[in-house]
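The structure appears right after this line, and notes come after that.
The values are calculated or read from the model by the stated rules, or taken from the named source; none is laboratory data. These figures come from a predicted structure and were not determined experimentally. For neighbour counting, all protein chains shown are included, and Cβ atoms are generated from backbone atoms with ideal geometry for every residue, glycine included. For the accessible areas, the whole protein counts, side chains as well, though only heavy atoms, and no ligand, DNA or RNA atoms are used. Shrake-Rupley method; radii C 1.70, N 1.55, O 1.52, S 1.80 Å.
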There are 2 protein chains.
Amino acid sequence: MRELGEHIVRPPRSLLETAKDWSAAPSSPPLAILEPRSSEEVSQVLAFCNRLQIPLAIQGGMTGLVGGANSMPGEAVLSLAKLNRIEHIDTTAGTALIQAGVTLEQLQNAAEEHDWFFPLDLGARGSCQLGGNAATNAGGNRVIRYGMMRNAILGLEVILADGTRLERLDTVIKNNAGFDLKQLFIGSEGQLGVITQLVIQLQPRPTARCTALCALDGLTKSTQLLKLLKGVLPELSAFEVMWSDYVHESARLQGLALPFQAQYPIYVLIETLGHDLSLSVSAVENALQQALLDEVILDAVLAQSEQQAQKLWSYREGVSELLTALKPCAAFDVSVSLPKMQALVLDLQEELTNRFKEQHHLFFGHLGDGNLHLISGPYPDPEDLHALEELTYQRIAAYGGSISAEHGIGVVKREFLHHSKSKEEIDLMAQLKKLLDPKSILNPQRVIPS
Amino acid sequence: MRELGEHIVRPPRSLLETAKDWSAAPSSPPLAILEPRSSEEVSQVLAFCNRLQIPLAIQGGMTGLVGGANSMPGEAVLSLAKLNRIEHIDTTAGTALIQAGVTLEQLQNAAEEHDWFFPLDLGARGSCQLGGNAATNAGGNRVIRYGMMRNAILGLEVILADGTRLERLDTVIKNNAGFDLKQLFIGSEGQLGVITQLVIQLQPRPTARCTALCALDGLTKSTQLLKLLKGVLPELSAFEVMWSDYVHESARLQGLALPFQAQYPIYVLIETLGHDLSLSVSAVENALQQALLDEVILDAVLAQSEQQAQKLWSYREGVSELLTALKPCAAFDVSVSLPKMQALVLDLQEELTNRFKEQHHLFFGHLGDGNLHLISGPYPDPEDLHALEELTYQRIAAYGGSISAEHGIGVVKREFLHHSKSKEEIDLMAQLKKLLDPKSILNPQRVIPS
């Protein structure tokens, strides 16, 4: 294992990059494609479209997984692609002022050039845009340490449906002068306004990555492991849980062997990001030795090189191979409280195996965030796929979980939103929509059920 | 629910001692004091008051510093004091479900009993309530590591002005199913709804505290020190900057000597919270040695005992002594981007010293958050005090800063809000208020300028 230097911002691909066949709604040819080059132009476009009641599909990098950015009949497209300037990186404070169309990868690279680090990371990093990441409150593998996109946003400029410009490009964490209006727009999937500029908090650049794979005899042990590691590893940046089926199917499809002699019910991939490799390795070793002593884990392997680290990640990152192999399939992105996760998974495993005997049902997730993923397939019959979705979301709702942890609602989960939001909440969402976009020109027929 | 009359049980508590003369608006005897004992009762009270258009002052622990909770003529008081149950602490996931009237200290203690930790901390911990901490998005000394109150909130139950109950008691970080409505209420100072229950994210309980005081030759060096320490000390939980005058006046009033031979322009108090004292000490020692080598700091002293740590903190915590000694005085709580802070302080120092020659102007702050505090006094003439406020806020605005980093707007900063929010933002705040509280019964005449 060596110092990773520049490579540290290139961990493996993330989730569901290729799940578009499942998740994306059909797209219609747009009336027009509008590509403003400045916030002023966005304001002019919106004022114009609002006056004429021209509905718009707001498009960032088009990498969303719920079809929200696809244009529908009668819509024009408002693309943020030309707003692609990194305006300023403040090397003292570690903040970046950028336009909304800057890609995640552009910012990651620019931060690195200035000896800073932008920790948010997704498989779609090369195409997804930060305005879209903000509008959908993107997550990823490092939420356990650095939080969601919401936590990285210090300031926003937003253009409202009527062209009104709200500019609050704060560069500090603390600002309690009046309502924190930016919170309204983050994660609202473009329903309430168009994000045009952002101020992003960067983080100190880590130079040492330490990766390990642990074998456990059950999910309960993984929550114990999580608590143990959070207490002693402040550098812990990933905690990825994989059920046995998932790991073995992923390994098989990629032609990989597992680094353990035996099979185990649960595997947990952990990673720390720090500044001193020997300190990090010794901290991880000590923590895992403690976990072995306490019988929280049964075995563990620590990557001794960057190659080995990548190999450990590849079990987790076999998602695209699995999605291809199980086509047509469904990929769920849900969350549920840790104490209920065990029961939910057992319940789903039983119910799905009974109902859909021919299919694989593979579980994995970011356990530290309560985020569970499930890939289930193949389903040659679309009606089965719909029945699977209805059944799964009902179960999630019964356990008080969320039908969308990271990916949002868009078009494809709109009819299921009632499983995760009450009538009162959906009413308030609709009222906010009406207040801020009374003519419903911003991403209509998405997110909020009709 | 009983008749409203039965809830008139006690006179309103007096205002907080510290900074009362400066920050608190006058309080009038309320029409009635309502002390509901459940979320249902809060809902009934609000529905009733909304129907009859009875304006309410929403009261938590009455420890705010901007007079927002004081009742005005014609108002009844809605107190959350009887909603003081810790409903559940989940020891697996480290989450707490609590009612809004639970005090900060109650939760801190309960977390500790369950081997968890609630990092938010304020001087008013014994009286301030978590509903109030949420409604005002409280900060404190540990924001650099753990974030503001907003970051600790996983779920909220809110009652709207008409009695509608919005219950979303999530226990996980990740929920992108529809708008994250709780964000609307956090930091809105009770303008949009009444918080009745919260789910709080706890943290692993630290068992080792390492405290040091550093001496620097200027503010620029302190931003370098901050970057250096953030890079190598993931456990860094406090970074408190104090200008020379502040430290020496604070020490003098408390009869304390400083641990250095010479006087320095800037002092920085740092602290880490970890799990292994020898590891923490060695990490802090290494970091400070590096800082000395790089001439980022000129001297440093590391506490060798809990007693010494408390002594180092006492320079920083001489605030109440200073507020008493400089009475009547003004205490400012503002924020500005790091690169502009040096110029802002120099500018203010010069202008204030010229204009108010007889007064002390003492600067300190949570530099890691861009949060600057200033105590200035004594001002026997109230007109001078008002002139000072106007002058200071104008300067803050000129540097693009916020007139309230932590304390909110309430009554006393309402007329100054235009320095930190544009007309468009204030308009949107008013529209949101009108949407959610059309009869303006929740904390009227506060926060939003008329």
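Can you tell me which residues in region A:98-125 are within 22 Å of residue B:230 (Cβ to Cβ), among the charged types (D, E, K, R) and open to solvent by less than 30 Å² (accessible area, probe 1.4 Å)?
Result: A:121, single match.
Can we say residue B:214 is touching a Ser or Thr at 6+ places or on another chain (Cβ under 8 Å), touching a residue at least 60 places away in the same chain (Cβ under 8 Å) and assigned to a strand (DSSP E or B)? Working first, answer last.
Values: touching a Ser or Thr at 6+ places or on another chain (Cβ under 8 Å): no; touching a residue at least 60 places away in the same chain (Cβ under 8 Å): yes; assigned to a strand (DSSP E or B): yes.
No.
Take residue A:96 and decide whether it is away from chain B (no Cβ under 14 Å) and under 22 Å from the mean Cα position of the chain (by Cα).
Details: away from chain B (no Cβ under 14 Å): no; under 22 Å from the mean Cα position of the chain (by Cα): yes.
Here the answer is no, as residue A:96 does not meet what is asked.
Do you know which residues across region A:378-392 are crowded, with 22+ Cβ neighbours inside 10 Å and within 22 Å of the chain's Cα centre (by Cα)?
Of everything in region A:378-392, just one residue is crowded, with 22+ Cβ neighbours inside 10 Å and within 22 Å of the chain's Cα centre (by Cα), namely A:392.
With respect to the numbered conditions (1) within 14 Å of chain A (Cβ to nearest Cβ); (2) farther than 21 Å from residue B:368 by Cβ; (3) not aliphatic (A, V, I, L, M), which one is the sole condition not fulfilled by residue B:259?
(1)
Would it be correct to say that residue A:197 is of a type in the set (S, T, N, Q), part of a strand (DSSP E or B) and open to solvent by 10 Å² or more (accessible area, probe 1.4 Å)? Don't jump to the end; show me each part of the working.
On the way: of a type in the set (S, T, N, Q): yes; part of a strand (DSSP E or B): yes; open to solvent by 10 Å² or more (accessible area, probe 1.4 Å): yes.
Judged against the criteria, residue A:197 is a match.
Inspect all residues belonging to region B:279-300 and state whether any of them is part of a strand (DSSP E or B) and either out of contact with any helix residue (DSSP H, G or I) (no Cβ under 8 Å at 6 or more places or on another chain) or open to solvent by 40 Å² or more (accessible area, probe 1.4 Å) (or both). It would help to see each step written out before you state the result.
As a first pass, look at region B:279-300 and keep what is part of a strand (DSSP E or B): B:299-300.
From what's left, either out of contact with any helix residue (DSSP H, G or I) (no Cβ under 8 Å at 6 or more places or on another chain) or open to solvent by 40 Å² or more (accessible area, probe 1.4 Å) (or both): B:299.
Yes: one or more hits.
Could you pull out every one of the strands (runs of 3 or more DSSP E) wholly within region A:60-165 that has 1 or more residues that are closer than 30 Å to residue A:417 by Cβ?
Strands (runs of 3 or more DSSP E) meeting the threshold: A:76-79, A:153-159.
Test residue A:327 against the criterion of being out of contact with any Leu (no Cβ under 9 Å at 6 or more places or on another chain) and either among the basic types (Lys, Arg) or within 14 Å of chain B (Cβ to nearest Cβ) (or both), and give yes or no.
Working: out of contact with any Leu (no Cβ under 9 Å at 6 or more places or on another chain): yes; either among the basic types (Lys, Arg) or within 14 Å of chain B (Cβ to nearest Cβ) (or both): yes.
So residue A:327 fits the description; yes.
Let me spell it out: the conditions are (1) open to solvent by 30 Å² or more (accessible area, probe 1.4 Å); (2) within 11 Å of chain B (Cβ to nearest Cβ), and residue A:265 meets all of them except one. Which number is the exception?
With respect to (1) open to solvent by 30 Å² or more (accessible area, probe 1.4 Å); (2) within 11 Å of chain B (Cβ to nearest Cβ), residue A:265 is out only on (2).
Looking only at region B:396-424, count how many residues are touching a helix residue (DSSP H, G or I) at 6+ places or on another chain (Cβ under 6 Å) and either aromatic (Phe, Trp, Tyr) or assigned to a helix (DSSP H, G or I) (or both). Spell out how you get there, then give the answer.
Restricting attention to region B:396-424, the residues satisfying the condition of being touching a helix residue (DSSP H, G or I) at 6+ places or on another chain (Cβ under 6 Å) are B:397, B:399, B:403, B:409, B:412, B:416, B:419.
Then drop every residue that is not either aromatic (Phe, Trp, Tyr) or assigned to a helix (DSSP H, G or I) (or both), which leaves B:397, B:399, B:416, B:419.
The total comes to 4.
Right, residue A:428: within 23 Å of the chain's Cα centre (by Cα) and not in a loop (DSSP other than H, G, I, E, B) or not? Break it down into steps so the answer makes sense when it comes.
On the way: within 23 Å of the chain's Cα centre (by Cα): no; not in a loop (DSSP other than H, G, I, E, B): yes.
No.
Enumerate the pairs (first residue in region A:220-240 and more than 9 Å from chain B (Cβ to nearest Cβ); second residue anywhere and of a type in the set (Gly, Ala, Ser) and not in a helix (DSSP H, G or I)) with beta-carbon separation below 6 Å, excluding pairs fewer than 6 apart on the same chain, so at least 6 apart or on different chains.
Cβ pairs passing all conditions: none.
May I ask you to verify whether residue B:344 is within 14 Å of chain A (Cβ to nearest Cβ) and in contact with a Phe, Trp or Tyr (Cβ under 8 Å, 6 or more places away or on another chain)? Walk me through it before giving the result.
Numbers: within 14 Å of chain A (Cβ to nearest Cβ): yes; in contact with a Phe, Trp or Tyr (Cβ under 8 Å, 6 or more places away or on another chain): yes.
Against the criterion (within 14 Å of chain A (Cβ to nearest Cβ) and in contact with a Phe, Trp or Tyr (Cβ under 8 Å, 6 or more places away or on another chain)), residue B:344 qualifies.
Yes/no matrix, rows are residues, columns are (1) out of contact with any Asp or Glu (no Cβ under 6 Å at 6 or more places or on another chain); (2) over 25 Å from residue A:129 (Cα atoms); (3) not basic (Lys, Arg):
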| site | (1), (2), (3) |
| --- | --- |
| A:202 | yes, no, yes |
| A:205 | no, no, no |
| A:211 | no, yes, yes |
| A:214 | yes, yes, yes |
| A:244 | yes, yes, yes |
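Can you list residue pairs whose Cβ atoms sit under 9 Å apart, with the first residue in region B:312-338 being within 17 Å of residue B:360 (Cα to Cα) and the second being surrounded by fewer than 20 Cβ atoms within 10 Å (Cβ to Cβ) and β-branched (Val, Ile, Thr)? Count only pairs 6 or more apart in sequence or on different chains.
If the second residue must be surrounded by fewer than 20 Cβ atoms within 10 Å (Cβ to Cβ) and β-branched (Val, Ile, Thr), the pairs left are B:319/B:18; B:320/B:18; B:323/B:18; B:324/B:18; B:331/B:18; B:331/B:319.
Would you check which residues across region A:209-259 are open to solvent by less than 50 Å² (accessible area, probe 1.4 Å), of a type in the set (Gly, Ala, Ser) and more than 20 Å from residue A:304 (Cβ to Cβ) and list them?
Matches in region A:209-259: A:218, A:222, A:231, A:244, A:250.
Filter region B:343-360 down to residues that are under 22 Å from residue B:319 (Cα atoms) and not aliphatic (A, V, I, L, M) and give me whichever is surrounded by the fewest Cβ atoms within 10 Å (Cβ to Cβ). Steps first, answer last, please.
Pass one, region B:343-360, residues under 22 Å from residue B:319 (Cα atoms): B:344-346, B:348-349, B:352-353, B:356-360.
Cutting the leftovers down to not aliphatic (A, V, I, L, M) gives us B:349, B:353, B:356-360.
Values: B:349: 15, B:353: 12, B:356: 19, B:357: 7, B:358: 9, B:359: 19, B:360: 18.
Once the filter is applied, the top-ranked residue is B:357.
Based on what the data block shows, is residue A:183 open to solvent by 30 Å² or more (accessible area, probe 1.4 Å), facing chain B (nearest Cβ under 9 Å) and either assigned to a helix (DSSP H, G or I) or more than 30 Å from residue A:450 (Cα to Cα) (or both)? Walk me through how you get there before you give the answer.
Working: open to solvent by 30 Å² or more (accessible area, probe 1.4 Å): no; facing chain B (nearest Cβ under 9 Å): yes; either assigned to a helix (DSSP H, G or I) or more than 30 Å from residue A:450 (Cα to Cα) (or both): yes.
Spelling it out, it is not the case that residue A:183 is open to solvent by 30 Å² or more (accessible area, probe 1.4 Å), facing chain B (nearest Cβ under 9 Å) and either assigned to a helix (DSSP H, G or I) or more than 30 Å from residue A:450 (Cα to Cα) (or both).
So that you can scan it fast, the table gives a plain yes or no per residue for (1) within 10 Å of chain B (Cβ to nearest Cβ); (2) open to solvent by less than 20 Å² (accessible area, probe 1.4 Å); (3) within 19 Å of residue A:319 (Cα to Cα):
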residue: A:362; (1), (2), (3): no, yes, yes
residue: A:371; (1), (2), (3): yes, yes, yes
residue: A:376; (1), (2), (3): no, yes, yes
residue: A:394; (1), (2), (3): no, no, no
residue: A:411; (1), (2), (3): no, no, no
residue: A:416; (1), (2), (3): yes, yes, no
residue: A:419; (1), (2), (3): yes, no, no
residue: A:435; (1), (2), (3): yes, no, no
residue: A:449; (1), (2), (3): yes, no, no
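Within region B:149-172, work out how many residues are closer than 19 Å to residue B:123 by Cα and open to solvent by 10 Å² or more (accessible area, probe 1.4 Å).
Restricting attention to region B:149-172, the residues satisfying the condition of being closer than 19 Å to residue B:123 by Cα are B:149-150, B:152.
Next, from what is left, pick out any that are open to solvent by 10 Å² or more (accessible area, probe 1.4 Å): B:150, B:152.
Total meeting the criteria: 2.
Looking only at residues that are at pLDDT below 50, open to solvent by 70 Å² or more (accessible area, probe 1.4 Å) and part of a helix (DSSP H, G or I) in region B:1-55, which one is nearest to residue B:71 (Cα to Cα)?
This residue is B:20.
Which pairs have Cβ atoms under 6 Å, sit 6 or more apart or on different chains, and link a residue in region B:137-153 that is within 8 Å of chain A (Cβ to nearest Cβ) to one that is buried (at least 22 other Cβ atoms within 10 Å of the Cβ) and assigned to a helix (DSSP H, G or I)?
B:137/B:149; B:143/B:369
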